[in-house]
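Colleague: The following block contains the structure, expressed as structure tokens.
The values are calculated or read from the model by the stated rules, or taken from the named source; none is laboratory data. The shown structure was predicted, so the numbers you read here are calculated from the model rather than taken from an experiment. Here the Cβ is made from the backbone with ideal geometry for all residues, glycine too, and neighbour counts use every protein chain on show. Remember, those area values only see protein heavy atoms, side chains included, never the ligands or the DNA or RNA. Shrake-Rupley method; radii C 1.70, N 1.55, O 1.52, S 1.80 Å.
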Amino acid sequence: MWDRPELLTATANFLYGVAAAALMLMSILVVVHLPVFQVREVRVVGAVDQVTRAQLEAVVRGELRGNFFTLDLEAARLSFERLPWVRRVNVRRHWPDRLEVSIEEHQVLARWGQDGLVNTYGERFEAASDRVLPVFSGPEEAAADMARGYGEFSVALDRLGRQVTHLTLSPRRAWTLRLDDGMTLEVGREQVQRRLARFTTAYAASIGRMRTAPAVVDLRYPNGFAVRIRGLRWQDGGKA
């Protein structure tokens, strides 16, 4: 090897190249960690009504690590998404020293039993709310179906000026609606929209004429519905 100058030259050039690359890498690592590249501004965008400034500042001060180049955007996103009322977050760098945090909040639709809330996408989440909301009760995996059903039932009942306060879906997928006047509708699990439409069409000439709203209206009949008057005994025939 020592008697081959061209090989020595190539080897030397290679070693010089490796040394130069290592030196450049070390220089880059030193530069990106300089204080001059600190994140100096975190800008929150989006309609933020429920998340407080104090909560956002707590994440920025306690969770975000690194400078403009070294900050882990995925870890930052997850830190913001752990806040109550936050549904989705996107974090982006903006040269030279700013982070933009785009926040989408949950839009609450209903309560889930006594221990949670449901948003307009039919997703359950944990947060506190003092709003008067309808209450959903059903199988754990049924929140999305119940959100869709609630929207359809609300449209159908709007013509009567009534609102659903409690919505129940049984394990057999049978629907029960309690309205704001205290009346309960047993809708069942078959021909749900047809049954409800028949009820709202006949309401003015039937139940609407009663002095007191009935306790229960059973819509699970092929050509009509049955009414339970408050104080009278009720026998459920196991209809669908």
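Colleague: May I ask you to say which residue of Val155, Val118, Val187, Val164 is of a type outside the set (Ser, Thr, Tyr), more than 23 Å from the chain's Cα centre (by Cα) and either open to solvent by less than 30 Å² (accessible area, probe 1.4 Å) or modelled with pLDDT of 95 or more (or both)?
Modeller: Testing whether each residue is of a type outside the set (Ser, Thr, Tyr), more than 23 Å from the chain's Cα centre (by Cα) and either open to solvent by less than 30 Å² (accessible area, probe 1.4 Å) or modelled with pLDDT of 95 or more (or both) leaves just Val187.
Colleague: Here's a follow-up. Can you pull out the residues in segment 193-206 that are without any contact (Cβ under 8 Å) to a residue 24 or more places away in the chain and among the aliphatic types (A, V, I, L, M)?
Modeller: Across segment 193-206, the qualifying residues are Ala202, Ala204, Ala205.
Colleague: Hey, can you tell me all the residues within segment 128-143 that are more than 12 Å from Ala110 (Cβ to Cβ), open to solvent by 30 Å² or more (accessible area, probe 1.4 Å) and either assigned to a helix (DSSP H, G or I) or in contact with a Leu (Cβ under 8 Å, 6 or more places away or on another chain) (or both)?
Modeller: Glu140, Glu141
Colleague: Restricting to segment 53-109, give me the number of residues that are touching a Phe, Trp or Tyr at 6+ places or on another chain (Cβ under 8 Å), assigned to a strand (DSSP E or B) and under 30 Å from Pro134 (Cα atoms).
Modeller: Counting residues in segment 53-109 that are touching a Phe, Trp or Tyr at 6+ places or on another chain (Cβ under 8 Å), assigned to a strand (DSSP E or B) and under 30 Å from Pro134 (Cα atoms) gives 6.
Colleague: Also: Determine if segment 77-85 includes at least one residue that is crowded, with 19+ Cβ neighbours inside 10 Å and within 30 Å of Arg189 (Cβ to Cβ).
Modeller: No: zero hits.
Colleague: For segment 161-231, which fully contained strands (runs of 3 or more DSSP E) count at least 1 residues that are within 23 Å of Met146 (Cβ to Cβ), in contact with a Phe, Trp or Tyr (Cβ under 8 Å, 6 or more places away or on another chain) and of a type in the set (S, T, N, Q)?
Modeller: Fully inside segment 161-231 and qualifying: 164-169.
Colleague: Would you please list the contacts, defined by Cβ atoms under 8 Å and residues six or more apart or on different chains, that run from a residue in segment 124-138 that is within 18 Å of Leu167 (Cβ to Cβ) to a residue that is at pLDDT 95 or above and hydroxyl-bearing (Ser, Thr, Tyr)?
Modeller: If the second residue must be at pLDDT 95 or above and hydroxyl-bearing (Ser, Thr, Tyr), the pairs left are Pro134/Tyr150; Pro134/Thr165; Val135/Thr165; Phe136/Tyr150; Phe136/Thr168; Ser137/Thr168; Gly138/Thr168; Gly138/Ser170.
Colleague: Another one. Please list, ordered by first then second residue, the pairs with beta carbon atoms under 8 Å, 6 or more apart or interchain, first in segment 57-71 and within 15 Å of Gln38 (Cα to Cα) and at pLDDT below 90, second open to solvent by less than 60 Å² (accessible area, probe 1.4 Å) and acidic (Asp, Glu).
Modeller: Here the result reads Phe68/Asp97, each pair linking segment 57-71 to a residue that is open to solvent by less than 60 Å² (accessible area, probe 1.4 Å) and acidic (Asp, Glu).
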